[in-house]
Structures are given as structure tokens and as C-alpha cells.
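This report refers to the structure that appears directly beneath it.
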Amino acid sequence: MSTVKSIQSSRHLQYSQQYERSVSQANEFWREVGQRIDWIKPFTQVKDVSFDPKDVHVRWFEDGTLNVSSNCIDRHLATRASQTAIIWEPDTPGTPRTVTYQQLHDEVCRLANAMKSLGVGKGDRVMIYMPMIPEAVFSMLACARIGAIHSVVFGGFSPEALAGRIEDCGAKLVITADEGLRGARPIPLKHNVDAALAHPRINTVEHVLVVRHTRGDVQWHDDRDVDYETATRAASADCTAEEMNAEDPLFILYTSGSTGKPKGVLHSSGGYLVYAAYTHEQVFDYQPGDVYWCTADIGWITGHTYLVYGPLANGATAVMCEGLPNYPDETRLGKVIDDHNVSILYTAPTAIRSFMAKGVEPFEHSSRRSLRIIATAGEPINPAAWQWYHDVIGAGQAQVIDTWWQTETGGVMITPLPGSTVLKPGAATQPFYGICPQLVDNDGNVLDGAAEGNLVMTDSWPGQMRTLWGDHERFVQTYFTTFPGKYCTGDGARRDNDGDFWITGRVDDVINVSGHRLGTAEIESALVAHAKVAEAAVVGCPHDIKGQGIYVYVTVNEGIQPTDELLQELRDWVRKEIGPVASPDWIQFAPGLPKTRSGKIMRRILRKIAANEFDQLGDVSTLADPAVVPQLVDSRVNR
Ligand code: 6R9
């Protein structure tokens, strides 16, 4: 034990020294880190950044050129052509499919050539709406190879949501599959694409490339739909990688904000890849030979950075699982770990809590001895789930790494580093190298020492988003005006006496359901679009498994009866408008909503009622009609 401690303290010293240098000599530090990827033309400029609201810009390595797909594939071929890049686990347990780096090269090149012959080129946008199959990874890398900008949409989003994103980015091509599978349940992806493209306002899509995955029935439009297999088999397995500028966009990923429609977060090629590869190595202590499993869907940023770009840039062997890690039952997770000798596991607190609810028995069927690092992301992890992750899934021997970050940050920002940080259940602990977090109060005053406040960043890092697609003004407004000159994360955090950060959750109207980010405004606007709804207010509410659940208050139009049928109708409506991810957990018919005299809904009160915290409603006397509060308390949904 004492040796372990002394190793830890010496590594901790290493972290402190390295961190100190990474911020005091940031240019030199990132110049060195930037060498870890292959540049076609090496960069000379490291950084050109301003957070000043009058002129926000973020540029890294801006005179360098590279290709992201060559970095993830070609440069490994000399030494790892026959090494497995991807181990794919099908939804229903069966024979896993493996893809070597050579095969990855050939598949990506064929697809890149097929895309070119469909007229897709540098700067064009390609929508990827795919199940978790290797072709999804090929699609992302094929875009990168020819300089097209991909935008992956999670398969759990509806045709409406997909249409909105296609329209926003003006996609030329959609890549999809006939169906996806999640726990043996088919997801009608191609059908959803057809429905999205039926919207008259969508007129940019020329082709839909379709992978025959389940071979389920789909409608076929000869003038538009192209069979993936046919198109790629006809194409050459060589495709010269496009020389891209470091600042050329790599992808757009839509994420929810506190207001309005989803935002198209734009990431760059050079800075993003450097940050993805470097954090993947450092945060997970990735070493050659490790088998690494990230359970995130590629529809989320975690899937982008830590299932695809980070691991492949580092030449790793990555496990990709099509379905749910608890399908057909809770023994699956452990079986996959044992079968492939997984040494690094990265998952979400919500998954851990759902395993925890089923107890330890399923884990008696596997040893999980191969695990060295077990990490989480996406939402705060409660100490009980942290401990369970460590004791049961990690068999008491793996280190728990709780990583805090966002779609916007591109990679992990606040995290323990294996072996060098003293772990605390529930704490994201220390800033990663080069990251400058600060806590400020609501007036922007800097809080020192042990304190709780708004989490902001005072300086840039290479993985930072560059803008919002087509709306730089909204980018500036959303992230740089609340605390001028600083990047506002939208999260609250507490710093303890050791300087460790504990993330307390969103301070805005974003809710986090099973690690999926949803804007309350988005769900509200879907609800009020229903003919029977007059008004709606949505709040997050504690949920044992999901972290937060969706609690909806609805007032109905004159003459409409608040029936159980209507409840179901509204649930189905939200699923149709946004997708199953946004399905309300609780809906309460409300006679009225608590509003200020200026008409602003007091969500604070609605949150307390939903959470059964009636003694903490605070001052309600400023409401236009305080009498609605006891009525809402009386008619609340029993949870
Ligand atoms: C990577 C990802 C971002 C929001 C973020 C925060 C929450 C993520 C967390 C965490 C506490 C952690 N979040 N990781 N909260 N501890 N380790 O999830 O990106 O989907 O954009 O969500 O998720 O609230 O602001 P994204």
C-alpha cells in the first residue's frame, strides 16, 4: 500500500509539473503535442484565439495541412495492417466481425470513391443516420478522406428531427441502413429517411446510400437510392486522401441548447484530431495492445471522439457493440469484456445504474480480470454508482475515471489521470493539460479556493468547437456573452479544498436524460405544436436510473378533456416530433402555469413540485396568480 501511495504521489507531482507547464508555456506545450499526428505540411503557427465577444475566433495549427482519415488508417499500415481495428459485436450474441487496419483502409477507400462518383466532394455535407455497425465508421472516415463534412444523427431521432438537421446543413448525401437493431427491436432507419426527405422544404439531397443490414423490407426510389454494397464493390480500394487545412471542418454534430432549435456544433480537422488522440491516450492510459471499448453510440460526441477518431488515430483495437450492453440480459457486458480481453471500458452512469438495479448476480458469470481502466462520461455519477462500478464491474481492481466534457469541447476537459490523481467517488477532479477552468458567480466575479459557481474556461484548447454551422452570431451569443471573454460551459461546479472539481449539473434549461442532452424548449415547442395543447412547460426531475427524467406540465385548450388517451397521444406526439429519446416520463395536466407578472414561467417552482420538494418552493408571492401553486401540488403525478 505504501509503495502504491508513493508511486501515486510521484505521478501526481508529474501531473502538477506537466499541468503547470501546459498552461504557463501553452504554445510550446501544444506545439509538441501537435507533432503526434502526421501533417502533410507541418504547421508553424500554434494558436490564434480570441474570446472577446466583439471578435471571437478559435484557430489552431492553422497553416498546417493533413488528412484525418490517413491519420486514422494509412499511417498504421506499415506496422499494423493485419491488426484488428474494430471488433464488432452484433445485437444478438453471435460471431463478432473483425476489421483489420488493412480492411479498414480498403473499405473506406471504396466508399470514398463511391461517394465521389455520386458527386460528393470537399466541403459537401453528408448526413449519417446509421446503426452501430462498422459501415458507420467507414462512412465517417470516407467523408474525412475526401474532405466532405459529416453530420451523424442518432438513430433514436425521428424523421422530423432528421429533416431539421438535413435542412440546416444542406446535406447532399444521406448514408443509412435498411434497419437498425436494439435489443432485437428493429429501428426503421430507411423508412425514417424517406419520411424526412418527403418534406417539401428539403431539396438538397441527391442520393441516399443504403446498407442492407437486416435485409428488412424497404421502399426503393430508383432515381435517388443507391445500394451500398453494389456501389462500393464497383469502386477501387485506393483513394488518395484530400489535403485539408487544419481549420477545415471535419464534422457538424447537432446538440440541444437552452433555447431554440438544436445547434450545429462545428469541429475542425487538425486541432480536433490532436486533442482526440492526445486525450484518448492520457485519460485512459491507452497503451499499444490494449483492447478498448466505448459503449457510446456514434450519434453522440463520445462516439465520435472516443469510439472513432481518438482510438483509431492511436492505432487501437476498438470494440463496437451494435445493441445494448444488457441484451439479451445483464451478463452480456461481462461476457464481451472477457471474450475480447477488454482492458479499458468507457460507459455512462445511466448504464451503470441500470446494471446496479439488477444486482451482482449477472456479474458472477464473468471475471472481468482484464479491466484496468473503467471510465464514465455524460452526466454526474453519484457516489453509490461510482462505488458499484469500481467494486462490481471493475472487480475492485480497475481505476474509475470520471470524465467531464461536452459536445462543444471535442474531448475530455476535467478528469482524473490514471495513477496520478487521488480518486474521489463523484468528482471529476482536475483539469486536463492545457485546460483553464474557473468558477464565477452570476455577476461574473471570480471565485477562488473552495467555492461553487458557474464553470467557465478562460483559454482555448485545440479540440474546442469553432463555430455553429451557419450561425457564428449565435455561437458568440451562446458561449461568450454571459461572462464576456470567457467560454461559458452552462454547467455549475464546486471546487473543494484540494482544488478538485465536482460538477453539479446544468445551470441552464438543458436536461440530461440517460446522458442524452435535451433542451426543455425543444420539447415544449413540440408539445405546443399539438392541436389540443395550449401551453407546456418541461423540467428535469430526479430519476433513479436515467439521472434525470422528463416531467411535463400541460394546459389543454378550451373544451378538451384531460384524459388518459390524451396522455398517450401526447407521448406519441413527442416521440414523433423529436424521437424516443425525448419521450416524457411524467405528464401532468395543469390548470395553469406559475408565471411572473411579465409572463415568464417560473421553472424553479415547477422543478420543485416535480421533485416533491414542496417545502422548498420559495417565495411565490411575485407570481401573477399564486393560487396555481397549490393546485399544481394537488394534481401532481405520483412518481
Ligand atoms: C460528453 C458529453 C454535455 C453535458 C455537460 C454536463 C454533462 C458530461 C459529465 C457531465 C457531470 C460528468 N456531463 N460529463 N456532468 N459529470 N463526467 O456528454 O457531451 O452530450 O454535449 O453533454 O453533460 O452537464 O454540460 P454532451
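Numbers at a glance
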read-out	value
Segments 300-313, 542-555 sorted - mean Cβ within 10 Å per residue, highest first	300-313, 542-555
Burial ordering of 213, 365, 516, fewest other beta-carbon atoms within 10 Å first	365, 213, 516
Translational diffusion of the stretch 364-409, µm² s⁻¹ [Kirkwood Rh, Cα pairs; Stokes-Einstein; 4 °C; 1.567 mPa s]	113 µm²/s
Loop GluC sites (Glu not before Pro), the stretch 199-266, which have at most 16 other Cβ atoms in a 10 Å radius of their Cβ (DSSP)	206, 243
Part-to-part distance (alpha-carbon centres) for the stretch 139-191 and the stretch 301-340, which is given in Å	20 Å
Residues 44, 415 arranged by fewest to most Cβ contacts within 10 Å	44, 415
Estimated FRET transfer efficiency when R0 is 60 angstrom, pair residue 331-residue 230 (beta carbons, to 0.05)	0.95
Computed over the chain, Cα set: Rg, Dmax in Å	24.3, 74
Between the stretch 276-290 and the stretch 199-270, the alpha-carbon center distance in angstrom	28 Å
Efficiency of FRET from Cβ geometry, residue 450 and residue 576, R₀ 35 Å, rounded to 0.05	0.15
Prolate/oblate/rounded label for the stretch 130-233 (Cα gyration tensor, a/c 1.5)	rounded
Partnerless Cys - the chain, beta-carbon criterion under 4.7 Å	72, 143, 169, 294, 321, 436, 488, 541
Pairs beyond 26 Å (Cα-Cα), from 261/546; 546/608; 263/358; 190/335; 486/595	263/358; 190/335; 486/595
The stretch 514-635 - Rg over Rh from alpha carbon coordinates, Kirkwood radius	0.95
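FYI, it's all coordinate maths here, none of it is from the lab. Here the structure is a predicted model, which is why all the values come from computation and not from measurement. Glycine gets a Cβ as well: all are built from the backbone with ideal geometry, and neighbour counts include every protein chain shown.
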